[in-house]
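Enquirer: Could you have a look at this structure, given as structure tokens, before my questions?
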Amino acid sequence: MRTSDTDRDLMTYIIWGISCIFWIFLLWNPGNLMPATHCLMTLCEGRETSLKMLLKINSISDMMIGWILMVFAMMLPKLMVPIQNIIDHSFKDMRSLMVFLFIAGYASTWIVAGFLLNILILFVSIQMPGSFIPAVILGVVVLIWQFSPVKQRCLNKGHYHPVLAAWGLKAYKDAFSFGLSHGFWCVGAGWALMLFPMVLPQGHHFAMLMVTFMMLSEHMEHPQIPRWKVNFRLKLLRILVSQNPIKR
């Protein structure tokens, strides 16, 4: 059931291609197809605001659409390894649905987390519209969380790929459960980083790109002993530097 290198490359291109499409919608919103912005702090910059006003500008459903696009743009490249694991250990005529169920389970955890985080952002937008204070406070929280043993434990759990049933309804159930559990640990590891760009009144697109790079990089690190440790987890940066063709 193991796939060929050609199939692996094709899967990689497809995932990166879909991720890039989501990024195009987030950064440029061609044709104004997106019904809402994914950064309420930008909308509220420099003026008094209220819950009624915010919900008039962006309904909860519109905010969640923006959140889902943000999650898929930033997270899809991180799913290449577990998706490949599913493809390698499933029958050809079952792979597509199993991958879909895995992604659905994964997305479900981020949708729940996104609903709660968007409620928090609504509250912050009302209390301190257009202010950098929430971003500064959250930046401190991000640093503490980044170096905490709980964060490392979540990253370690994200490397676990369970044995899935090969046939029948149980195979589909296992794929969905795998998505739920993988998403849960991803939320545990990345909730603070995902929230940070959304509380910035300016520069949130650049922050989203930086956060994506950081989350991809930390996902590439090997599991480590959970403990308090100053570790920026920049493996992706080290790989890019080592492969730089320019000789010094």
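The values are calculated or read from the model by the stated rules, or taken from the named source; none is laboratory data. Predicted model, so just to flag it, every value in this text is computed and none were measured. Neighbour counts are summed over all protein chains in view; Cβ atoms, including those assigned to glycine, are modelled from backbone coordinates with ideal geometry. Protein only, heavy atoms only, side chains kept; ligands, DNA and RNA dropped before computing areas. Shrake-Rupley method; radii C 1.70, N 1.55, O 1.52, S 1.80 Å.
One line per residue, one yes/no per condition, for (1) at pLDDT 95 or above; (2) over 18 Å from Ile15 (Cβ atoms); (3) not in a helix (DSSP H, G or I):
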residue	(1), (2), (3)
Ile68	no, no, no
Val81	no, no, no
Arg95	no, no, no
Trp110	yes, no, no
Phe123	no, yes, no
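Enquirer: Identify the single condition in (1) touching a Gly at 6+ places or on another chain (Cβ under 8 Å); (2) part of a helix (DSSP H, G or I) that Phe184 does not satisfy, given that it satisfies every other one.
Expert: (1)
Residues are listed down the side, and each one gets a yes or a no for (1) of a type in the set (Phe, Trp, Tyr); (2) in a helix (DSSP H, G or I); (3) within 30 Å of Leu101 (Cβ to Cβ):
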| position | (1), (2), (3) |
| --- | --- |
| Leu138 | no, yes, no |
| Leu143 | no, yes, no |
| Leu155 | no, yes, yes |
| His161 | no, no, yes |
| Leu169 | no, yes, yes |
| Leu180 | no, yes, yes |
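Enquirer: Another question about this same structure. When you go through Leu138, Leu116, Leu155 one by one, which is the residue that is within 18 Å of the chain's Cα centre (by Cα) and free of Cβ contacts under 8 Å to residues at least 40 places away in the same chain?
Expert: None of the other options fit; the residue is Leu116.
Enquirer: If Ser90 passes every condition in (1) surrounded by fewer than 21 Cβ atoms within 10 Å (Cβ to Cβ); (2) more than 15 Å from the chain's Cα centre (by Cα); (3) in contact (Cβ under 8 Å) with a residue 60 or more places away in the chain but one, which one does it miss?
Expert: Against the list (1) surrounded by fewer than 21 Cβ atoms within 10 Å (Cβ to Cβ); (2) more than 15 Å from the chain's Cα centre (by Cα); (3) in contact (Cβ under 8 Å) with a residue 60 or more places away in the chain, Ser90 comes up short only on (1).
Enquirer: If you don't mind, there's one more thing I want to ask. Select from region 192-248 the residues that are outside any helix (DSSP H, G or I) and β-branched (Val, Ile, Thr) and write down the one among them that is surrounded by the fewest Cβ atoms within 10 Å (Cβ to Cβ).
Expert: Ile246
Enquirer: Since Phe132 meets every condition but one in (1) of a type outside the set (A, V, I, L, M); (2) touching a helix residue (DSSP H, G or I) at 6+ places or on another chain (Cβ under 8 Å); (3) more than 30 Å from Thr6 (Cβ to Cβ), which condition does it not meet?
Expert: All conditions pass for Phe132, except number (2).
Enquirer: Moving to a separate point now. Residue check: is Ser131 open to solvent by 10 Å² or more (accessible area, probe 1.4 Å), part of a helix (DSSP H, G or I) and of a type in the set (Gly, Ala, Ser)?
Expert: no
Enquirer: Looking at (1) of a type in the set (Phe, Trp, Tyr); (2) surrounded by fewer than 18 Cβ atoms within 10 Å (Cβ to Cβ); (3) within 24 Å of Pro223 (Cβ to Cβ), which one does Phe178 not meet, given that it meets all the others?
Expert: With (1) of a type in the set (Phe, Trp, Tyr); (2) surrounded by fewer than 18 Cβ atoms within 10 Å (Cβ to Cβ); (3) within 24 Å of Pro223 (Cβ to Cβ) applied to Phe178, the lone miss is (2).
Enquirer: Looking at (1) assigned to a helix (DSSP H, G or I); (2) modelled with pLDDT under 85, find the lone condition where Glu48 falls short.
Expert: Against the list (1) assigned to a helix (DSSP H, G or I); (2) modelled with pLDDT under 85, Glu48 comes up short only on (1).
Enquirer: I need the full set of residues from region 8-36 which are exposed (fewer than 14 other Cβ atoms within 10 Å of the Cβ) and either of a type in the set (Phe, Trp, Tyr) or modelled with pLDDT under 75 (or both), in order please.
Expert: Those that are exposed (fewer than 14 other Cβ atoms within 10 Å of the Cβ) and either of a type in the set (Phe, Trp, Tyr) or modelled with pLDDT under 75 (or both): Tyr13, Trp16, Trp28, Pro30, Gly31, Asn32, Leu33, Pro35.
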